[in-house]
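Quick notes on the structure that follows.
The values are calculated or read from the model by the stated rules, or taken from the named source; none is laboratory data. Remember, it's a predicted structure, so these values are computed and weren't measured experimentally. Cβ: placed from backbone, ideal geometry, glycine included. Neighbour counts: every protein chain shown. For the accessible areas, the whole protein counts, side chains as well, though only heavy atoms, and no ligand, DNA or RNA atoms are used. Shrake-Rupley method; radii C 1.70, N 1.55, O 1.52, S 1.80 Å.
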Protein chains: 2
Amino acid sequence: MALDRKDLAILAELTTNARASHTELANKVGLSSTALARRQKALEDEGFIQAYQAALDLAQFGLTTTVLVRIALESQSDEALKAFEAEVVKCPSVVRCFLMSGTDDYILIVLARDIQDFERIHRTELSRLPRVARVQSSFALREVVNRAVPTVVFSEAKR
Amino acid sequence: MALDRKDLAILAELTTNARASHTELANKVGLSSTALARRQKALEDEGFIQAYQAALDLAQFGLTTTVLVRIALESQSDEALKAFEAEVVKCPSVVRCFLMSGTDDYILIVLARDIQDFERIHRTELSRLPRVARVQSSFALREVVNRAVPTVVFSEAKR
DNA sequence: CCAGGATGCGTGTCGGTGTGCCCAAGGAGA
DNA sequence: TCTCCTTGGGCACACCGACACGCATCCTGG
C-alpha cells in the first residue's frame, strides 16, 4: 500500500495529537471528515498505526538520568543468550535492550533517578543477570535528540 | 503531588490506550467516570502526561535496521558541541542523540531500511556533521526490550 | 464532632462517529 | 469516442456516547 502526502500528514498529526477528532484532523489535512475517517481507519487496519499511547514526562517521576550499559556475556551460546534475555526483560529500569553485532553483546538503556539510584539498579537488577562477563556503563549528560519517529518517514512524499 | 495506585493504573492504561474514554478507563481502574475525569485532567495539568501520540510501526515503513553510532569530536569546546548539535538535529534518520560522559562524545540511534541504506545515511547525513573526528557504527541484530516507560514507574505504589 | 477532600449518581447538552447516498475523476475496453 | 467501472471525496443525517456540571454521600484526619 502506497501512502500519499495526505496520509503522511495524518500520521504526522496523529503522532502529536493522538486524540484529535476526525473533523479536527480533516481541517489540518484538507479533507472532509468522512474521507479522513476512511483513511485513518485504513492506516490502523494496515498496521501503520500500532497504538495510541500517552507519553509520560519521565522527569516528573524523577527519572532524569539515562545510562547506556554495555554488557558482554561469558559465552554467545544460544542457551546463554536465551537465559540473559529472559531475565533482562524483567528488569524494571530497563527501557531498551539491543542484541548487538561487534564486541559488546548487548546494549541497554536504563533510566534512573540519579547516580546513586543507578548504583542501586546496578546492584539489584543488572548484577543479577545471568551469564554476564563484563558490564560497562556510560552516563548521558544530555539528550540532544529524542524522536519517536524519524523525520524521514514524513518526508517521503509519493503521489 | 503524590500519586496513588489508581493514578498509576490510569497512566498505565493510557500508555496503552490513549484514546480510551472516561467510562472505559473508569471500569478498568475501579472509579466512576466523574472521578476518573478529574484525575486524568489533573495528571494532564500537572504535566505527568505530556502528550497523546500515535505509535507508528516503523517496520511497515521499511525501517527495520537500528544502528548505534558512536561519534567523537575533534574538540570538546563549547563551540564544537554547539556546531555539532545544531546539525545533528537536522539529520532525518536520527531518532536519538545523547551527549555522553566517557570517551565517546555522542551516541546516536539511527534507523535505516537496511545496511545499504545505512551506507547512504552515513554518506549523506553523518559524514557531513561538523567537527567529527571518529565515527563508529554497531548494528542491532535484534531488539530485546523496547518500552516507552520503565515498568518501575507503575510499581511505585504509594498511599 | 466537624471540616475538607474525594467519590458517585443523575442529567443535559454537545460533539463525534458511522452510514447511506451521490458526485467527480480517471482508466480500461470495445 | 463512448461507456462502464473503479476509486476516492463530500454532504446530510441520525444515533450513540462522551463530557461537564450540580449535588448528595462517604471517609478520613484533626
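Data for the structure
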| quantity | calculated |
| --- | --- |
| Interatomic Cα distance distribution for the protein assembly as shown, bins of 20 angstrom, percent | 28, 58, 14 |
| Global geometry of chain A, whether rounded, prolate or oblate, following the gyration tensor of its Cα atoms and the 1.5 cut on a/c | prolate |
| Axis-nearest residue in chain A [Cβ, rotation onto B], distance in whole Å | A:ALA18, 2 |
| Radius of gyration, Dmax [region B:58-139; alpha carbons; angstrom] | 12.5, 41 |
| Burial order of peptide ranges A:51-61, A:110-120, B:114-124 (average beta-carbon count within 10 Å, highest first) | A:51-61, A:110-120, B:114-124 |
| Over region A:58-139, relative contact order from alpha-carbon pairs under 8 Å, at least 6 apart, % | 49 percent |
| Degrees, to the nearest 10: B:33-45 long Cα axis against longest axis of chain B | 30 degrees |
| Shielding by partners, peptide B:88-94 (average Cβ within 10 angstrom, other chains) | 4 |
| Cα centroid separation, region B:78-93 to region A:56-84 (Å) | 27 Å |
| Distances in nm from B:THR103 to the matching label points in the other copies, shortest first (labels 7 Å along Cα to Cβ) | 0.7 |
| Proximal aspartates and glutamates relative to B:LYS41, as straight alpha-carbon distance under 16 Å, when same-chain residues fewer than 8 apart are discounted | A:ASP57, B:ASP4, B:ASP7, B:GLU13, B:GLU24 |
| Residue-averaged beta-carbon neighbours from other chains (10 angstrom radius) around B:66-78 | 1 |
| Rg and Dmax [Cα atoms of region A:5-54; Å; Rg one decimal, Dmax integer] | 9.7, 27 |
| Accessible area (Å², 1.4 Å probe, nearest 10) - B:MET100 | 10 Å² |
| Whether region B:44-84 is rounded, prolate or oblate, judged on the alpha carbon gyration tensor where a/c under 1.5 counts as rounded | oblate |
| Peptide A:96-105 - average C-beta neighbours from other chains (10 Å radius) | 6 |
| Between 0 and 90°, nearest 10: helix A:5-14 axis offset from chain A longest Cα axis | 60 degrees |
| For A:ALA86, label point 7 Å along C-beta direction: distances to other copies, nm | 5.3 |
| Charge dipole (the protein assembly as shown, unit charges on Cβ, about Cα centre) - positive-most of B:PHE84, A:ALA37, A:ILE71 | A:ALA37 |
| Candidate lysines for bridging to B:LYS82, where Cα separation is under 18 Å - those fewer than 8 sequence places away on the same chain excluded | B:LYS90 |
